[in-house]
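The values are calculated or read from the model by the stated rules, or taken from the named source; none is laboratory data. Every value quoted in this text rests on a predicted model; they were computed, and no experiment measured them. Positions of Cβ are generated from backbone atoms using ideal geometry, with glycine treated the same way; all protein chains shown enter the neighbour counts. Calculation scope for accessible area: heavy atoms of the full protein, side chains included, ligands and nucleic acids excluded. Shrake-Rupley method; radii C 1.70, N 1.55, O 1.52, S 1.80 Å.
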Amino acid sequence: MNLGVTSRRFVEWPTLAVILGCHGIWALGTTWLAAESLAAGIMVTGVAVALASSLQHEAIHGHPFRNVALNTALVFPSYDFLIPYQRFRDTHLDHHMNANLTDPYDDPESNYLDPAVWRGLPGAARALLMFNNTLLGRILIGVAVSQTAFLLGDFRAAVAGDRRVIRGWLWHIPAVAPVVLWLGTVGQMPVWAYLTAVYAGLSLIKIRTFLEHQADRRAAGRTVIIEDRGPLSFLFLNNNLHAVHHAYPRIPWYRLPKLYRDNRERFAARNGGYVYRSYAEIFRKYLLRSKDPVAHPLRN
């Protein structure tokens, strides 16, 4: 779909400003605010962790500079501890092979399982994953479920000698080091509180990823549009307009809303009307109810 998208700037100042602001919010949350009110410090730090994840996503797609090393350096401190940036980059770029979206084997960000695997799971595991397929479950246990699967997969790959995985985790050591040093020297937050903030921040991201993709025979029909323009939209850097991002992954976050507004009918037609008006609508519909089955419905 060619919409005449113009070329990008050498420096994307809105993205750079948000990166600097995010680092400042994280520093404030882990120091002064945590000393004044630990609960407030946890909440603000959790928001910073979520925003940092959104900014890492922007860096992966070449923002705010054209230089990869500069973009990586700006988002290199690993606030979440759990996901090495290089592993996020590698798996996310693999995910952008649109023909493979939602496939439980070829899409590393798929939430579906092979039906044969699903049928072989014990009842307790099936119940857990069915709860995880509600929005409430995704918020409460989604981080634990996905992180366990991610770590097990990377462990197996590393043992098998996958150099890309090994390199990603080795680079994670210097990415975590400045965060640990900060928390151990100037930070005013105990370890349990910081880990709580990390979990809360990643749980916020699970709201965005909850129904980003659905099983559909057409690749273009697998990616959602959520027309929200509230705080969550900013926290996710407009990645709620996910079909627009997949169609134009090099477009910076602050240009996505206008691109969508100017071509709303075309995007909705392209993804078969997989459109929601807001996150409030999604909470009403799916807080306690699954939108999709765990087993991929289009695989035998």
(message) Among the residues of the stretch 216-223, are any acidic (D, E) and open to solvent by less than 40 Å² (accessible area, probe 1.4 Å)?
(response) no
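Okay, residues lined up against (1) within 26 Å of P104 (Cβ to Cβ); (2) at pLDDT 95 or above:
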{"residue": "H213", "(1), (2)": "yes, yes"}
{"residue": "A220", "(1), (2)": "yes, no"}
{"residue": "E227", "(1), (2)": "no, yes"}
{"residue": "R266", "(1), (2)": "no, yes"}
{"residue": "A280", "(1), (2)": "no, yes"}
{"residue": "Y286", "(1), (2)": "yes, yes"}
{"residue": "R289", "(1), (2)": "yes, yes"}
(request) For the stretch 69-103, enumerate the residues that are part of a loop (DSSP other than H, G, I, E, B) and either closer than 21 Å to N271 by Cβ or without any contact (Cβ under 8 Å) to a residue 40 or more places away in the chain (or both). (result) H96, M97, L101, T102, D103
(message) Residues to consider are A144, A99; find the one that is of a type in the set (G, A, S) and at pLDDT 95 or above.
(response) A144
(request) Assess whether D103 counts as being surrounded by 17 or more Cβ atoms within 10 Å (Cβ to Cβ) and out of contact with any Leu (no Cβ under 6 Å at 6 or more places or on another chain). (result) yes
(message) Checking S203 against (1) of a type outside the set (F, W, Y); (2) part of a loop (DSSP other than H, G, I, E, B); (3) closer than 28 Å to Y105 by Cβ: exactly one of these is not met. Which one?
(response) (2)
(message) Can you pull out every residue in the stretch 234-260 that is of a type in the set (F, W, Y), open to solvent by 20 Å² or more (accessible area, probe 1.4 Å) and more than 22 Å from A52 (Cβ to Cβ)?
(response) Y248
(request) Return yes when L135 is under 27 Å from Y286 (Cβ atoms), within 18 Å of the chain's Cα centre (by Cα) and either open to solvent by 40 Å² or more (accessible area, probe 1.4 Å) or of a type in the set (A, V, I, L, M) (or both) and no when it is not. (result) yes
(request) Being surrounded by fewer than 16 Cβ atoms within 10 Å (Cβ to Cβ) and of a type in the set (A, V, I, L, M, F, W, C) is the filter here, so list the residues in the stretch 261-281 that pass it. (result) A269, V275, A280
(request) Have a look at L202, L195 and point out the one that is touching a helix residue (DSSP H, G or I) at 6+ places or on another chain (Cβ under 7 Å) and either open to solvent by 60 Å² or more (accessible area, probe 1.4 Å) or modelled with pLDDT of 95 or more (or both). (result) L202
(message) Here is a check on your reading of the model: is R284 open to solvent by 30 Å² or more (accessible area, probe 1.4 Å) and closer than 18 Å to A215 by Cα?
(response) no
(request) Among the candidates R167, R163, single out the residue that is within 21 Å of T72 (Cβ to Cβ), surrounded by 14 or more Cβ atoms within 10 Å (Cβ to Cβ) and of a type outside the set (S, T, Y). (result) R167
